[in-house]
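In what follows, a structure is listed as structure tokens, so that the remarks can point back to it.
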Amino acid sequence: MDKILFIRQNHKDFAGRASYLLSRTVLKQLICVSGLLVLLQFAGISSLYAQGVKISLNKENATLEEIFQEIETKTGYKFVYNTSEINRNERASIQETEQELNEILQNLFRTKQNISFRISNKHIALFKAQIKKISGTVLDPQGETVIGANVLVKGTTNGTITDIDGKFSLEAAEGDILQISYIGYNTQEITLGKQSTLKITLKEDQQALEEVVVIGYGAVKKKDLTGAITQVKTDKYATQQSTNVLDMLNGTVAGFNSNIGTSASGASEMEIRGPSSLSANNSPLVVLDGVIFNGSINDINPSDIETVDVLKDASSAAVYGSRSAAGVVIINTKRGKSEKMTINFSAQLGLTDFTNEIRPNDLDGFIQRRQDFQRRINPDKPEGYYNNPNNLPEGIDINTWQKYDVSYQEDPIRTWMTRINLREIEQENFLNGNTYDWFAEATRPGLRQNYNVNISGGIGKTKYYWSLGYTDNQGYLKGDEYKTIRSRMNADTKVTDFLTVGINAQFSNKDESNEAIKLSDIRTQSPLGQPYDENGELKWYPHDDSGVEKNPFLLYKERDKFNITQNLFANIYADLQLPFGFSYKVSFINRYDWQKNYYYDPSTIPTGNKTGGFGQRINSSLYEWQIDNIISWKKAFGIHDFYATFLYNAEKKQTWKDTGENINFTPSEALGFHQLGAGSSPSIKNEDTYSTGTAIMGRLNYTLMNRYLLTLSIRRDGYSAFGLENPYATFPSGALAWNLSDEAFFNVKWINNLKIRASYGINGNRDIGIYDALAKLETTKYLTDGTFISGIYSNSLANRFLKWEKTKALNLGIDFSVLENRLTGSLDYYDMTTNDLLLKRSLPTIIGYENVMSNMGELKNKGFEMTLNSYNIQNENFYWNSTFTFSFNRNKIKHLYGEMIDILDKNGNIIGQREADDISNSWFIGQSIDRIWDYRFDGIYQLGEEDIAKSFGKAPGDTKLYDLNGDGVSTQEDKIFQGYTKPRYRLGLRNDFTIFKNFQISCFIRADLGHWGKNGLLSSKSQVEDRRNEYALPYWTPENPTNKYTRLNTVDTPEYSIYESRSFVRLQDLSIAYNIPENITKNLKVGRCKVYLSGRNLITFTKWSGWDPESENKPMPRIFTFGIDVTL
């Protein structure tokens, strides 16, 4: 008989557990069975104690016996096993830090499938597992077989997938746990007993519907939403290089639009569902961790963000009343989630260049363009007059060519260079073979660095999250630099069972103390100019022509600049749980901004020379506070669920701005802006502002039978910026939703979930000048009898009746999931009308004021949005899901100022009246805000069309404009509507792949379609191209009769623009990531490690001829990033 070994066993270990016996029956069992069976019988009970035991182990290539001994020493538990079954001399390695005993043993025996263990009564029993074949069938809730479900022995790599009949087969041991998973269903775990055949029915995964979505001053489950809200989880975008949250949201949310920033500071503009105002701000309201955030989006570190909820319809946003006409973006930051401390570090290192490169002409192109320009403006000159003497036309000798001028230089090359108007320094550099590549010297591969560290966890009843981030971005132009340090602290503690207090605070320090080189200055520089003189000093005018050029490096190198902005935003709150389902939360929100923007231009550069140096210091500061008092009530009565929210808010904002300037710094400029008092003509300006606001709000969410949903809200706002007669406004809303798929009569098998939504509400816009309703006073100084006297005058007219813009919005939507939840999505249609637009109304000159801010006009927006999520493939080694977004918006100006004009027939008779358009702003009744109204470009006049061109005052090479009325003259009457400047359709397609569990590939393709833009690069209107350079682009000549580009010095009357399609399809983001396997990370003593490569703006398909269709005639950055993300 095999010997059973009890290692250092003490009989007291068995007897000392009688207190854990739960009944007399259990006591009898203990007496009747042997000691080993007792251990197995109560394994489940004793394992509860083992779960609370945490130890650390670090054993490399040790025997099992050595590992057992250390576990016994650290836990007090004893191992029991049969030495004939368990080879205690077998070697293993294990590295664990503060892990539970159960998990340590599972990891130890993970690769040893023939060893199982049970923990009972402070003993760990080991035994040899019996491997057998397990087979089974996996079914869905309707009894249909599930194809491709994953079946895995938990804690191992032993697994398979179900076949076409839903069947599977694998080998496992009694006591092993099978994990069965499939898209759209909950993962099930089954502990194997003696059975060898299984029949498993999966349950639908309700997690997506149970997800909590923030709705403003509260949160609800996704299934209970009645409004149009999209939630974005930022972990999907962690491999992208993002300076701010807009960089990751661009194109990913239907109906939400943000630009891709062309500078080092990233994107800065965003819009939801098109413009809702003609003159007020159209940016959505930002809410940060439940409170309104009025700071810069760049102050929020994207690595701190957990989720972003975009509130698009009026019902969802109406709880923010006067702030929400343009929609709401709710940002939720990360928080501590468990008692275990987690440390995360991430680093990104990248380079940026251009998606497209348009360089100025090199020397050959510069000379050719200069020759062609001279031929254009002096067509009567003899043949070959502007040719290089080394390249004269056939039949013309050098002597004849020289004698074209009465006085000429001895050197023919000098004669030629004088004829094409090269300056003396250009001639010298040409003869000496010296050229300068301005573009290469002004641009660079910009280095981008981003480092973040965060620590999160909990201590007792306190949860915490702290982060520190540093970003240092360089743009593609030298001097374009952006540096920021951002830190955040989120902490909350449960003081009692009914009271929680906490703080959410962030600090940012932005450094923009550099002067970027301007590409427009690089564009005009002669390749024969030079940036430095013979003494190594920067020249003011590189080719000695002060009228058309300046050295683009002057401000970049010589301006002394200091521009620092600091921001502190903190929310201190207390949450009190009251009886009967009530709770009360009070939040006190503070925001501080400080900016120091100083610069000094020395007398050695043009901007400081005329004044003996010029210095300026601008000190700005801001302080605002808000108080939110929120009472909530949640209660269920049978089939009725109520969730009510009541808010009282008060706010105050103050700003201070001081501007100091001086000139003529003597005796020295050394201190620059550090000592403005050294100048002789000081100037001081001050500008302070003050505003207040208040609001009350009530909202009720009601659910009947978990199927019928109702949301009602009303908010009343007051704001000091509006007229005395209208300081307050009321904003109501309501929404209904029906979970149709939960009805008993609904029996469409391929539809898993279907919800119908409808909402209507009124939102406001208060984002105008805080003193626009008042008569503002200005000061002036005038000289009387030799004495300066200060005077005060009014420069604006008051409007005591000025009131809020109001946007009324209807939203109809459907949420669905089909095909066993493989495809989910939402469809939304909206119709919005904004009344009482805030516009500056022109006034008769006799009144003494140019305009007054007034309420007038009406603007309409309507559109459609679609979001689809599909789970295409999911198996053990390959996972693929896709997200597709599509949206379009159509807006129309319904009314403007209400001024009526006569409608005339062709004979000049009045046949009616219509409301007048605002031609100066290109606002037309019945048209979109972005409607193009201009002359239609019909191409370029070619040789053979001289007569018709001449009738319009033009010649071959000039633009051919459509003559609408056929009168032979291009006038305002010939302008027509011909397209739009904003995309008519927006699409996005994201694909995420996981390959062999550790490789991840993400690809995002974006398309903006159907819009047009002015492309000034197609028209060469400059009259001084004999004195400057230009981009190396084609232009019309008799030898190159293009129908796209004009000739040089083209006729610019009437003033026109050439429009070109800005539609594009772009591979916007591509990333490849690798998760280091767990067995390697454990050896490195880290919890998780990911490395990745990503690219942004990699490929663009477009017909646009400029730099980029999105940024128009500014370069668009292309960014390559390498990153690492480590969690300890």
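The values are calculated or read from the model by the stated rules, or taken from the named source; none is laboratory data. Note that the structure is predicted; figures quoted are calculated from it, not measured. So basically every Cβ, Gly included, is an ideal-geometry build from the backbone, and we count neighbours across all protein chains shown.
Applying the set (1) on the phi < 0 side of the Ramachandran plot; (2) of a type outside the set (K, R); (3) out of contact with any strand residue (DSSP E or B) (no Cβ under 6 Å at 6 or more places or on another chain); (4) at pLDDT 90 or above to D967 leaves exactly one unmet item: (4). Here N344, N356, N429, N434 are screened, and the one residue that is modelled with pLDDT of 90 or more, assigned to a strand (DSSP E or B) and under 49 Å from the mean Cα position of the chain (by Cα) is N344.
Out of segment 687-715, which residues are over 31 Å from the mean Cα position of the chain (by Cα), of a type in the set (D, E, K, R) and more than 16 Å from Q654 (Cβ to Cβ)? Hit for segment 687-715 is R707, nothing else. For segment 912-956, a residue qualifies if it is aromatic (F, W, Y), at pLDDT below 95 and farther than 24 Å from K982 by Cβ, and exactly one does: F952. Just to be sure before I move on: is V1091 among the aliphatic types (A, V, I, L, M), assigned to a strand (DSSP E or B) and more than 30 Å from A955 (Cα to Cα) in the structure I sent? Spelling it out, V1091 is indeed among the aliphatic types (A, V, I, L, M), assigned to a strand (DSSP E or B) and more than 30 Å from A955 (Cα to Cα).
With respect to the conditions (1) surrounded by 18 or more Cβ atoms within 10 Å (Cβ to Cβ); (2) under 25 Å from R699 (Cβ atoms); (3) not aromatic (F, W, Y), L823 lacks only one, and its number is (2). Return the residues of segment 478-523 that are part of a loop (DSSP other than H, G, I, E, B) and over 22 Å from the mean Cα position of the chain (by Cα); say none if nothing qualifies. Scanning segment 478-523 gives K478, G479, D497, F498, S513, N514, E515, A516, I517, K518. Of the strands (runs of 3 or more DSSP E) entirely within segment 704-797, those holding at least 3 residues that are among the aliphatic types (A, V, I, L, M) occupy 708-719, 728-739, 751-765.
Going through segment 658-692 one residue at a time, which ones are under 16 Å from D601 (Cα atoms) and of a type in the set (A, V, I, L, M)? I663, A670, L671, L676, A678 - these are the residues of segment 658-692 that are under 16 Å from D601 (Cα atoms) and of a type in the set (A, V, I, L, M).
Taken over segment 572-595, the residue count meeting the criterion of being farther than 14 Å from G502 by Cα and among the aliphatic types (A, V, I, L, M) is 1.
Which one of these is over 32 Å from the mean Cα position of the chain (by Cα), surrounded by fewer than 16 Cβ atoms within 10 Å (Cβ to Cβ) and assigned to a strand (DSSP E or B): I684, I631, I627?
Working: I631 fails: surrounded by fewer than 16 Cβ atoms within 10 Å (Cβ to Cβ); I627 fails: over 32 Å from the mean Cα position of the chain (by Cα).
Only one candidate passes the filter, namely I684.
For segment 430-462, give me each residue that is surrounded by fewer than 16 Cβ atoms within 10 Å (Cβ to Cβ), closer than 20 Å to I1119 by Cα and without any contact (Cβ under 8 Å) to a residue 40 or more places away in the chain. Once the filter is applied, which keeps residues that are surrounded by fewer than 16 Cβ atoms within 10 Å (Cβ to Cβ), closer than 20 Å to I1119 by Cα and without any contact (Cβ under 8 Å) to a residue 40 or more places away in the chain, segment 430-462 yields only A440. Residues of segment 754-788 that are without any contact (Cβ under 8 Å) to a residue 40 or more places away in the chain and of a type in the set (D, E): E778, D785. The residues of segment 130-159 that are in contact (Cβ under 8 Å) with a residue 60 or more places away in the chain, assigned to a strand (DSSP E or B) and either of a type outside the set (G, A, S) or assigned by TED's automatic domain parsing to the domain that holds F117 (or both), listed by number, are K132, K133, I134, T137, V138, L139, N150, L152.
From R448, R419, grab the single residue that is among the basic types (K, R) and more than 30 Å from L1093 (Cα to Cα). Quick ask: steps written out before the conclusion?
Numbers: R448 fails: more than 30 Å from L1093 (Cα to Cα).
From the options R448, R419, the qualifying one is R419.
Of the residues making up segment 953-1007, those that are among the charged types (D, E, K, R), more than 30 Å from I1076 (Cα to Cα) and surrounded by fewer than 18 Cβ atoms within 10 Å (Cβ to Cβ) are D967, E973, R984. Once segment 48-64 is narrowed to residues that are under 52 Å from the mean Cα position of the chain (by Cα) and of a type in the set (V, I, T), the residue that is modelled with the lowest pLDDT is V53.
Quick grid of which residues meet (1) in contact with a His (Cβ under 9 Å, 6 or more places away or on another chain); (2) within 20 Å of S1019 (Cβ to Cβ); (3) not in a helix (DSSP H, G or I):
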{"position": "I929", "(1), (2), (3)": "no, no, yes"}
{"position": "K950", "(1), (2), (3)": "no, yes, no"}
{"position": "D963", "(1), (2), (3)": "no, yes, yes"}
{"position": "V969", "(1), (2), (3)": "no, no, yes"}
{"position": "R986", "(1), (2), (3)": "no, no, yes"}
{"position": "L989", "(1), (2), (3)": "no, no, yes"}
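When I45, I104, I67 are checked against the criterion of being among the β-branched types (V, I, T), surrounded by 14 or more Cβ atoms within 10 Å (Cβ to Cβ), part of a helix (DSSP H, G or I) and at pLDDT 85 or above, a single residue qualifies: I67. Given the condition under 30 Å from N726 (Cα atoms), surrounded by fewer than 16 Cβ atoms within 10 Å (Cβ to Cβ) and of a type outside the set (S, T, N, Q), answer yes or no: does some residue in segment 872-891 qualify? No, there is no match, as no residue in segment 872-891 is under 30 Å from N726 (Cα atoms), surrounded by fewer than 16 Cβ atoms within 10 Å (Cβ to Cβ) and of a type outside the set (S, T, N, Q). One residue is enough: does segment 611-619 have a residue meeting the conditions at pLDDT below 95, out of contact with any helix residue (DSSP H, G or I) (no Cβ under 9 Å at 6 or more places or on another chain) and farther than 30 Å from I714 by Cβ? Yes, because at least one residue in segment 611-619 is at pLDDT below 95, out of contact with any helix residue (DSSP H, G or I) (no Cβ under 9 Å at 6 or more places or on another chain) and farther than 30 Å from I714 by Cβ.
Within the set F646, F665, the sole residue that is of a type in the set (F, W, Y) and assigned to a loop (DSSP other than H, G, I, E, B) turns out to be F665.
One residue stands out among those in segment 901-951 that are acidic (D, E) and within 23 Å of K1014 (Cα to Cα): the one that is nearest to the chain's Cα centre (by Cα), which is D930. For segment 1074-1087, check the following and say yes or no: at least one residue is in a strand (DSSP E or B), surrounded by 15 or more Cβ atoms within 10 Å (Cβ to Cβ) and under 22 Å from the mean Cα position of the chain (by Cα). No, that holds for no residue.
Only one of the numbered conditions (1) touching a strand residue (DSSP E or B) at 6+ places or on another chain (Cβ under 7 Å); (2) more than 18 Å from I215 (Cα to Cα) is not met by G734, and that is (2). When segment 775-790 is filtered for residues that are within 24 Å of Y849 (Cα to Cα), exposed (fewer than 10 other Cβ atoms within 10 Å of the Cβ) and either at pLDDT 80 or above or of a type outside the set (F, W, Y) (or both), the ones remaining, listed by number, are T779, K781, S790. With respect to Q566, is the statement that it is within 23 Å of L676 (Cβ to Cβ), of a type in the set (S, T, N, Q) and crowded, with 16+ Cβ neighbours inside 10 Å true? Yes, satisfied. If you go through segment 376-390 and keep only what is among the acidic types (D, E) and without any contact (Cβ under 8 Å) to a residue 12 or more places away in the chain, you end up with just D380. Whenever a residue of segment 272-283 is buried (at least 18 other Cβ atoms within 10 Å of the Cβ), its partners that are among the basic types (K, R) and in a loop (DSSP other than H, G, I, E, B), lying with C-beta atoms within less than 7 angstrom and at least six residues away or across chains, give the pairs I272/K312; R273/K312.
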